[in-house]
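Only one structure is covered here, and it is reproduced in the block below.
Read-outs throughout are calculated quantities, based only on the coordinates presented, and are distinct from any laboratory measurement. Quick caveat: nothing in here was measured; it's all calculated off a predicted structure. Cβ placement follows ideal geometry from the backbone for every residue including glycine, while neighbour counts extend to all protein chains displayed.
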Amino acid sequence: MADVTVPDRPVLAHLPNVELMHAGTWSASTGVHTFTADDFAFAVAALDCPAVRRPYLKLGHTDPRFDGEPACGWIDNLHTASEGRALVGDYVGMPGWLGDADENGHSVLASAYPDRSIEGQWDFRCALGHTHPFVLTAVALLGVTPPAIGTLTSLQDVGALYGVAASSAHGGTPVSIQMKGTAMPNPKPRTVAAGVTTEDVRRAYYDNAGWDVWIEEMHLDPLQLIVIDDSDGSRSRIPITVDPNGDGTDGVTFGQPVPVVVRYEDAAADPASDPVADPAVAASANTQIVRYANRAESRPGESPRASSTPAAASAAGSHLKGGSAVALTLTDEQETSIREALGLAEDADADAIVTAVEDLATAPEGEGEPEAAASATTPSSVAAAAARLGLRVVDDEALEARLSRGDAAFERLEREDRERVVDAALADGKITPARRDHWLTLMSADREGTTALLEGLPKELAVPLSEVGHGRDSEVSASTNVRESDVFKNWSI
């Protein structure tokens, strides 16, 4: 068997967390473009579709003469940062000569291609028929041409090459752009009627729709939405009416939702009998439908922390503008508590509960049965209500007595503390007993200052508490007796 020479594995480089785009308005060779956090969310969500390729790395922007040139890597781990206002990704699969640094920390990427620019496409229709609002298709490495968004961190920062500081947390709003398809950022979305576009319809619907609902398809003829409710997986068809005198979202209203289902049928055996098999018919149908691949593209954003869906006003349910069904769900215990609080029978239905609540809310102040009002304010009823809340009712006189005893006890403690400080100074001889009341008065007026003053006085300042002079042994000889001294005997005045 002949020897097989296996070539060495090529060395590849990886550069993580590179800033690709920032939100804002920027001027580029293709015009003025505005990017928002929603656009970045669209780009990230589009990669969940199996028919959307990951963005590739290339040297410079597209030139029709060199479309066959190989890519030099791709973008992986595409995600948003800075609260959704920046688009970040990893350079993966680059040739080693492009990204690896030499012994001095220099690289071809940082020297020859320090900047980058993006290429993308608005309203991208993938092979599965989904319409993706925005897709990032490529990132071009730039040399002498500066990017349109000048706030991007340059790769000349060697620390960025090793992932230490690939990009700053904030820096303006990045990247230069060259777009395929419609101009960025889609300033001319598809028009559904005079003065109203598909974006107007989408925004108008989401202004009032519950969070669980999102648009799967938008049909242009007839004008209607197909929406999915994630709470139960159901689909609904919602007719759209456009006011010819309206403009933008103000001219869009929605009808009542009609439940629909998706059915799968076998394809026709004879292609001639299937009108959809005609390429011209199929292409025409596709242009009349805007499809969203997933919820993230149709309705970008994070779910609210708490449900903002209002409660239903009837057992049959009501519908918000746009067809979002709303329902209030209660446990059996909660329903029983509401019936008891409203004085309703155990078998009262939802309509009776709603009617009772409306009557209670609209009743004039003071209206009602006097007996019920009186019973609600009796001491026993008030005490029972407080007990249910873990509280205790206290009589006014009892409360005043407790407060008085508390004040007296506090005053006694304060007085004893002042006396303790003054008596300690007396015991150390710092002050005389005759001045005790004077010092107590000072303590009452300025406790902290007087305490500091007494502590600073030397002991025995006013009253000596130890012997003064020189002492000898207790034994005194006869020769030392003063009465026997000649000086004492001869002393006279």
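Summary table
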| quantity | calculated |
| --- | --- |
| Sites Ala348 and Asp417, calculated FRET efficiency, Cβ-Cβ separation with R0 60 Å, nearest 0.05 | 0.40 |
| 17 Å cut-off, amide nitrogen to a point 7 angstrom out along Glu448 Cα→Cβ, residues in segment 390-428 | 418 |
| Ordering of 250-259, 436-445 by packing [mean C-beta count within 10 Å, highest first] | 250-259, 436-445 |
| Mean Cβ neighbour count within 10 Å, used as a protection proxy, ranking 120-132, 401-413 highest first | 120-132, 401-413 |
| Total formal charge among the other residues, if their Cβ is under 13 angstrom from that of Arg85, Lys/Arg +1 and Asp/Glu -1 | -4 |
| Residues with amide H under 5 Å from that of Thr137, placed H, sequence gap 5 or more | Glu119, Gly120, Gln121 |
| Charge context of Arg420, other residues only, Cβ under 12 angstrom, K/R +1, D/E -1 | -2 |
